[in-house]
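Colleague: First the structure, then my questions, so here it is.
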């Protein structure tokens, strides 16, 4: 069977590595995978480096849509994905997460009756002001199979009626929901040792293991809001000064531009180490060796948990509520006092990290479920 994998943003490229690896190593005789890159992230540091580093096959199609308003960007993706799907016979489309590329793939495929398989289904922040929340909800509604990474995600789908769904797709197939585990856990475990062998960023930056903070800030409600961004940066600066600890801050291109335009870089503590966007192996090593992680990224929250690092969440909510429920993460939003208090609590008290995200074989389970569904 032939499947089209759609990617566009950096996290999706990484997730696709797990599926492509399973296709190559386990299902090569049963599945032909074609990869379509929408071009949503087009900077080399945000895209191409991940294909090179993770050994993902080069995309068979690249739409090159670039940045733009949500509507116009998504519209270009829908048109391009539809054209590719109509150019050949595809048995299904694999979509990841919650970006505009995810939404576009779901709309394009469902309109021409190509089964949609949504990886990371059932995640909910319950914040409809987030574009990602809209994208993931729409994709779940259009998906033939919702692949949920955790029991919480399954519970969300059940509460929304997915378990009893009367939806009928082409050829009379119904909808399925599946707790498959998390493909990012697959990747983190697979690549952890490779990162140690191939990446020396810790030595290059002169860092000591468990003696620095890793921080990432990229969501537009933080980077585009001067008050929120300044509160986060002040908290990072003051923590670094009071605890005499470096903060490593890989800067998303958008964030760096905003800081430069607002002359905010001069106000940062000299202990804040600003570096370019980190490659997968680099961020993997920085996560493995950090004392604590402070981030507004859902993916980095999880990876911190995988590597048993506590996490201060720089958002008002999280889709990964399990991390918070088990005390491994604290939601601090962009509140200076909450950030500093959360940091203190997490570094001063023991944190436990139960196994919540599967057995590192989610990719094989996903592909076998797709094969059985389409048989």
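Colleague: With the structure loaded, tell me whether residue 246 is over 21 Å from residue 318 (Cβ atoms) and free of Cβ contacts under 8 Å to residues at least 60 places away in the same chain or whether it fails that test.
Modeller: When the stated conditions are applied, residue 246 passes them.
Colleague: Residue by residue through the range 48-87, note down the ones that are in contact with a strand residue (DSSP E or B) (Cβ under 7 Å, 6 or more places away or on another chain), more than 22 Å from residue 131 (Cβ to Cβ) and at pLDDT 95 or above.
Modeller: 60, 61, 84, 85 - these are the residues of the range 48-87 that are in contact with a strand residue (DSSP E or B) (Cβ under 7 Å, 6 or more places away or on another chain), more than 22 Å from residue 131 (Cβ to Cβ) and at pLDDT 95 or above.
Colleague: Are there any pairs, at least 6 apart or on different chains, whose C-beta atoms fall under 6 Å, with the first in the range 253-270 and within 13 Å of residue 224 (Cα to Cα) and the second part of a helix (DSSP H, G or I), and if so, which?
Modeller: Pairs found: 254/223; 255/223; 258/223; 259/265.
Colleague: Looking at the range 54-70, can you tell me whether even one residue there is free of Cβ contacts under 8 Å to residues at least 40 places away in the same chain and assigned to a helix (DSSP H, G or I)?
Modeller: no
Colleague: In the range 222-235, which residues are buried (at least 18 other Cβ atoms within 10 Å of the Cβ), in contact (Cβ under 8 Å) with a residue 40 or more places away in the chain and either under 23 Å from the mean Cα position of the chain (by Cα) or part of a loop (DSSP other than H, G, I, E, B) (or both)?
Modeller: Within the range 222-235, 222, 228, 229, 232 qualify.
Colleague: Follow-up question, since we're still on this one. Condition check: outside any strand (DSSP E or B), modelled with pLDDT of 95 or more and over 17 Å from residue 17 (Cα atoms). Does residue 177 satisfy that?
Modeller: Answer is no for this residue.
Colleague: Looking only at the range 285-310, count how many residues are at pLDDT below 95 and farther than 14 Å from residue 323 by Cβ.
Modeller: Total satisfying the criteria: 0.
The values are calculated or read from the model by the stated rules, or taken from the named source; none is laboratory data. Computed from a predicted structure; not experimentally measured. Don't worry about glycine lacking a Cβ; one is built from the backbone with ideal geometry, like all the others, and counts go over all protein chains shown.
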